[in-house]
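Read through the structure below, which is laid out as structure tokens, and then see the notes.
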Amino acid sequence: MSIIKTVDVKKWFGDFQALKGISMEVAEGEVLVICGPSGSGKSTFIRCINRLEQHQEGEIVVDGIELTNDLKNIEAIRSEVGMVFQSFNLFPHLTVMQNITLAPIWVRKKSRSESEEKAMELLERVGIPEQAQKFPGQLSGGQQQRVAIARALAMEPKIMLFDEPTSALDPEMIKEVLDAMKELAESGMTMIVVTHEMGFAKEVADRVMLFDEGLMVEENTPNEFFDNPKNDRTKLFLSQIL
Amino acid sequence: MISNNKFFIENPYGRWVRDNLFSSSSSAFLTFFAGFMVIYSYRGIVGFILNPERMWTSVTYNMKLYMILAYPDEAMIRVWLSVGLALILGGLSIGFYNSGKSISLGGIFQKLFTISAVIALLIALAPTNTNVIQNDGSIEAVEIIPQDVRMLILGPSLVLTLAFFFLRNIKIKNLFNTAKVNLTYFGLIIGSLYFIKIPTISLDSSGERIIPDPFLPIASTTYIPWTILYVGMLLFFFIGSLLKNKDVKIMSRLIPIAWFLCPLFIFSWIFKKPLVELNTVFSADIPSILVFGIIGFLIIRFSDNESIGVYRTPINIGFFILSVVVFLLPLVFIFKATMVLLLLLLVVSPAIATTKEGKRQLFIVWVVSLFVLTFLIRGASSDTMLVTPTGSIFGGFSLTWLLAIFGTYASFPLGLALALGRTSTLPVIRIICTGIIEIVRSVPYITWLFFASVMLTVFLPAGVEFNLIIRVLILTAFFSGAYFAEYIRGGLQSIPKGQYEAANAIGMNPFQRIFLVIVPQALRTIIPTLVGSVITSFKDSSLVAIIGLFDILRIGTSVIPAQSQPVVFIGRNLEQLVFLSFFFWVFTFVFSRRSMKFEKRLGLGER
């Protein structure tokens, strides 16, 4: 049973075609890693999945709802799909606790006490319960990114999207974020991760995809992808980054 | 120029002086030059103030005129209530926010050292003589500070300065509660109203002026209200610290709200004739609040009941028809208005009151809005004091203050709406908002004032007429609103795109996104600009003098210099101008200092 299904998705920025027809499916509980050189359309693609970008042609179905211009549909999808950004995008005027409880209280209409309880649970899960009353500006990059993961999880999403979650971090902070993501994957969350962390891909992913110039050039299991790639472009890409 | 003399290295003051005042030849020159300028102008100002030609009684005698113009004596209690409300809130805030913090004895001595040193310096530098123009045109020097008076102040203040200088370094474990220290300072300020004596004009029982003018305390005619107010303030100070000690969390939200609402209450006290007829309150207001409160409770309680849910559409339609019928019947307005609100409640409550807490909150909101609605409607239907048969009695500082505060209160939401409208994606709204902003900003304030005073009546249909003050208020709201809108737009543009995306990604609707994420951050970045524009609107309110309103500046420049009863003050312009500049300076200075603290507190979460 596929929870995300895209058919021939195309997207233009002015004259530039960023996506040239992407068709794929993601099953429930699957962890999909997308990699590729910069400008290959991988970020644009996962941003299309919760409609931060609009695709112009093709069809995207998430959890049985097709993404159209209907505002109700979009908000419904967005509350089912959590997203973690490269630059964290925490709300600097709110404490960590308020950052996490904002959406449950206002979007899900839960009570404050219930949301705070849940938020503490999530903070413990990502390993920083002691930072709850601090402001994002007082935390390190790795801690901020883990708060961002907790914020996305607070909506109890069915799918999590990660848009290069470790690219803006210092090397020693990458591990703590990847650990949190690994733990999430083991708990059975459906995840799409855009990343350059090949170690993570090897260890956690169920499937790996390579994007290049707006096309999906390879789709494979991690073992096959790294040891025995089908496409020459993949070989070139791997030889450059490994 | 930098000296390595032992004094400059070892003494912290010496080092500061070397590093900041005499670090190079040019900075030494600037220090001497600036010091000379400051001392020269200080001596000039003191000479001007103490000049025997000045008649400061023209200011002290007219203080009431300055503050409230011709406000009726029998309604003075309202003025005192207003001042009292502010003082009580002040006491509560000092008690609540400063309790628990403490200051060391050394810190207090440090402050006292600074104060006494400044006094000693000022009196030492003050001029002995000043020039007075004689009747025949010659200039003669007149002694203004006798040598013995100078010594009498200089001696003790020097001794105190020296004493505090050594005392401030002693290590005493005693800590003093900051709140109590602040309260003592405040007490000294209030106390000075009783003890500092100034020359005043007094009339004896037969209406004859007593000569020479007696020296009376500042508050000589207002002892009783000031005493009551200070006691009230003390009382609320203790309530505040008690609440802090009991750790009542809700106060930290209530106090800012109370400060926000306080000017509105003062408006309604000073400018409206409140109808506090116990008869009406008990026979109409309280029963209506009770009945509608109960109906609202029932609606909230059973709105998500499933068996009722089936009949929701017929119930809504039936209620709609009922409220239309009620609206057409000749009933009290408050009843009609509440019926419409009840209809709204009926429609929204199934969506909002889904949990127990949601129901509780909605019920509280409902009851509070019933009270506010009743208060507003009673206020709106009561007589205004703005218009009296003989024209307006309003003026002086109360008018200046009304224009400034009302301008801010009304223009802020307007500015926010215009800014959001201008950045909207809907072209019609965007064009309208941009048009309003650009038209209002491209015409000078004075022109708009003339428009309000002369032209607006031409545009309005015959028979519709507003009081001039109200016309000016509406205009001020639009004028500062347009400026606010541009500041806020600047703030909105400084918010990175990622914040919009993050808000979208957690499923917020556009409304939540704007008001929970974007606007709070945008406002934070423009607080300094907003404070500046509030101060500007406070000062600009003086411009209403040219369209015939009696604000504090006009009283000072044209009313008082024309007085000849009971004393001749004709031509006494200079004293008024000095007093007014000092008065405006105190207000704007206090305001900008307060807002700096506010800024710091809000900036807590900034990167």
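The values are calculated or read from the model by the stated rules, or taken from the named source; none is laboratory data. Keep in mind that this is a model prediction, so the values were computed, not measured. Every residue, glycine among them, receives a Cβ derived from its backbone with ideal geometry; neighbour counts consider all protein chains shown. Only protein heavy atoms, including side chains, enter the accessible area calculation; ligands, DNA and RNA are left aside. Shrake-Rupley method; radii C 1.70, N 1.55, O 1.52, S 1.80 Å.
Selection within the stretch B:591-604: residues that are open to solvent by 80 Å² or more (accessible area, probe 1.4 Å) and under 17 Å from the mean Cα position of the chain (by Cα). The member of this set that is nearest to the other protein chains (Cβ to nearest Cβ) is B:Phe598. Determine whether B:Arg54 is of a type in the set (Lys, Arg) and closer than 22 Å to B:Ile198 by Cα. So B:Arg54 fits the description; yes. Taking the conditions exactly as written (away from chain A (no Cβ under 14 Å) and open to solvent by 30 Å² or more (accessible area, probe 1.4 Å)), does B:Gln576 satisfy them or not? Considered against the rule, which asks whether it is away from chain A (no Cβ under 14 Å) and open to solvent by 30 Å² or more (accessible area, probe 1.4 Å), B:Gln576 comes out as no.
Is it true that B:Ile315 is in a helix (DSSP H, G or I), surrounded by fewer than 13 Cβ atoms within 10 Å (Cβ to Cβ), modelled with pLDDT of 75 or more and not assigned by TED's automatic domain parsing to the domain that holds B:Gly90?
No: the conditions fail for B:Ile315.
Within the stretch B:209-241, work out how many residues are farther than 30 Å from B:Asn182 by Cβ and touching a residue at least 40 places away in the same chain (Cβ under 8 Å). Qualifying residue count for the region: 2.
Scanning the stretch B:418-437 for residues that are free of Cβ contacts under 8 Å to residues at least 24 places away in the same chain and open to solvent by 60 Å² or more (accessible area, probe 1.4 Å) turns up B:Thr425, B:Leu426, B:Pro427, B:Val428, B:Ile429, B:Arg430, B:Ile431, B:Ile432. Considering the conditions (1) over 26 Å from A:Thr221 (Cβ atoms); (2) more than 9 Å from chain B (Cβ to nearest Cβ), A:Leu71 is excluded by exactly one of them, (2). Taking the criterion of being open to solvent by less than 30 Å² (accessible area, probe 1.4 Å), of a type in the set (S, T, N, Q) and not assigned by TED's automatic domain parsing to the domain that holds B:Phe215, would at least one residue in the stretch B:75-96 satisfy it? Scanning the stretch B:75-96 turns up no residue that is open to solvent by less than 30 Å² (accessible area, probe 1.4 Å), of a type in the set (S, T, N, Q) and not assigned by TED's automatic domain parsing to the domain that holds B:Phe215.
In the stretch B:492-512, how many are part of a helix (DSSP H, G or I), surrounded by 16 or more Cβ atoms within 10 Å (Cβ to Cβ) and facing chain A (nearest Cβ under 10 Å)? Total satisfying the criteria: 8.
For the stretch B:520-537, the set of residues classified as open to solvent by 10 Å² or more (accessible area, probe 1.4 Å) and either within 13 Å of chain A (Cβ to nearest Cβ) or touching a Cys at 6+ places or on another chain (Cβ under 9 Å) (or both) consists of B:Pro520, B:Gln521, B:Leu523, B:Arg524, B:Thr525, B:Ile527, listed by residue number.
In the stretch A:84-106, the qualifying residues are those that are open to solvent by 50 Å² or more (accessible area, probe 1.4 Å) and more than 7 Å from chain B (Cβ to nearest Cβ), and the one that is farthest from the chain's Cα centre (by Cα) is A:Gln98.
Let's see how each residue does on (1) assigned by TED's automatic domain parsing to the domain that holds B:Leu449; (2) in contact with a His (Cβ under 6 Å, 6 or more places away or on another chain); (3) more than 30 Å from B:Ile437 (Cα to Cα); (4) modelled with pLDDT of 75 or more:
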| site | (1), (2), (3), (4) |
| --- | --- |
| B:Leu344 | yes, no, yes, yes |
| B:Ile352 | yes, no, yes, no |
| B:Phe371 | yes, no, yes, yes |
| B:Ser382 | yes, no, yes, no |
| B:Pro413 | yes, no, no, yes |
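Here A:Lys134 clears all of (1) in contact (Cβ under 8 Å) with a residue 12 or more places away in the chain; (2) more than 11 Å from chain B (Cβ to nearest Cβ) except the condition numbered (2). Residues of the stretch B:538-560 that are outside any helix (DSSP H, G or I), open to solvent by less than 30 Å² (accessible area, probe 1.4 Å) and over 19 Å from B:Trp585 (Cα atoms): B:Leu549 alone. Residue pairs whose Cβ atoms lie under 6 Å apart, sitting 6 or more positions apart in sequence or on different chains, and linking a residue in the stretch A:150-178 that is without any contact (Cβ under 8 Å) to a residue 60 or more places away in the chain and closer than 20 Å to A:Lys110 by Cβ to a partner that is open to solvent by 10 Å² or more (accessible area, probe 1.4 Å) and among the β-branched types (Val, Ile, Thr), are A:Ala150/A:Val126.
Quick one: which of B:Ser116, B:Ser138, B:Ser102 is on the phi < 0 side of the Ramachandran plot, surrounded by fewer than 16 Cβ atoms within 10 Å (Cβ to Cβ), touching a Leu at 6+ places or on another chain (Cβ under 8 Å) and not basic (Lys, Arg)? Steps first, answer last, please.
On the way: B:Ser116 fails: surrounded by fewer than 16 Cβ atoms within 10 Å (Cβ to Cβ); B:Ser138 fails: touching a Leu at 6+ places or on another chain (Cβ under 8 Å).
Residue meeting the stated conditions: B:Ser102.
None of B:Phe587, B:Phe582 is without any contact (Cβ under 8 Å) to a residue 40 or more places away in the chain, away from chain A (no Cβ under 14 Å) and open to solvent by 30 Å² or more (accessible area, probe 1.4 Å) except B:Phe582.
For (1) buried (at least 20 other Cβ atoms within 10 Å of the Cβ); (2) at the interface with chain B (Cβ under 9 Å from one of its Cβ atoms), each residue gets a yes or a no:
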position	(1), (2)
A:Gly82	yes, yes
A:Arg108	no, yes
A:Glu114	no, yes
A:Gly127	no, no
A:Leu139	no, no
A:Ile149	yes, no
A:Asp163	yes, no
A:Pro171	no, no
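Taking the stretch B:156-242 and the strands (runs of 3 or more DSSP E) fully enclosed by it, the elements with 3 or more residues that are assigned by TED's automatic domain parsing to the domain that holds B:Leu89 and over 28 Å from B:Ser58 (Cα atoms) are at B:175-177.
The lone criterion from (1) buried (at least 17 other Cβ atoms within 10 Å of the Cβ); (2) in the same structural domain as B:Leu235 (by TED's automatic domain parsing) left unmet by B:Tyr66 is number (2). On the stretch given as the stretch B:323-338, residues that are closer than 17 Å to B:Leu373 by Cα and open to solvent by 70 Å² or more (accessible area, probe 1.4 Å) total 5.
Residue count for the stretch A:151-161 under the criterion of being touching an Asp or Glu at 6+ places or on another chain (Cβ under 7 Å) and open to solvent by less than 30 Å² (accessible area, probe 1.4 Å): the result is 2. Among the residues making up the stretch B:445-470, those that are open to solvent by 80 Å² or more (accessible area, probe 1.4 Å) and either under 29 Å from the mean Cα position of the chain (by Cα) or modelled with pLDDT of 90 or more (or both) are B:Phe450, B:Phe466.
Hey, any hits in the stretch B:535-547 for a residue that's farther than 22 Å from B:Leu403 by Cβ, in contact (Cβ under 8 Å) with a residue 12 or more places away in the chain and more than 17 Å from the chain's Cα centre (by Cα)? There is no residue in the stretch B:535-547 that is farther than 22 Å from B:Leu403 by Cβ, in contact (Cβ under 8 Å) with a residue 12 or more places away in the chain and more than 17 Å from the chain's Cα centre (by Cα).
Before we move on, is B:Gly571 touching a helix residue (DSSP H, G or I) at 6+ places or on another chain (Cβ under 8 Å) and more than 14 Å from every other protein chain (Cβ to nearest Cβ)? Yes. Looking only at residues of the stretch B:189-208 that are exposed (fewer than 12 other Cβ atoms within 10 Å of the Cβ) and touching a residue at least 24 places away in the same chain (Cβ under 8 Å), we find that the one that is nearest to B:Trp56 (Cα to Cα) is B:Leu203.
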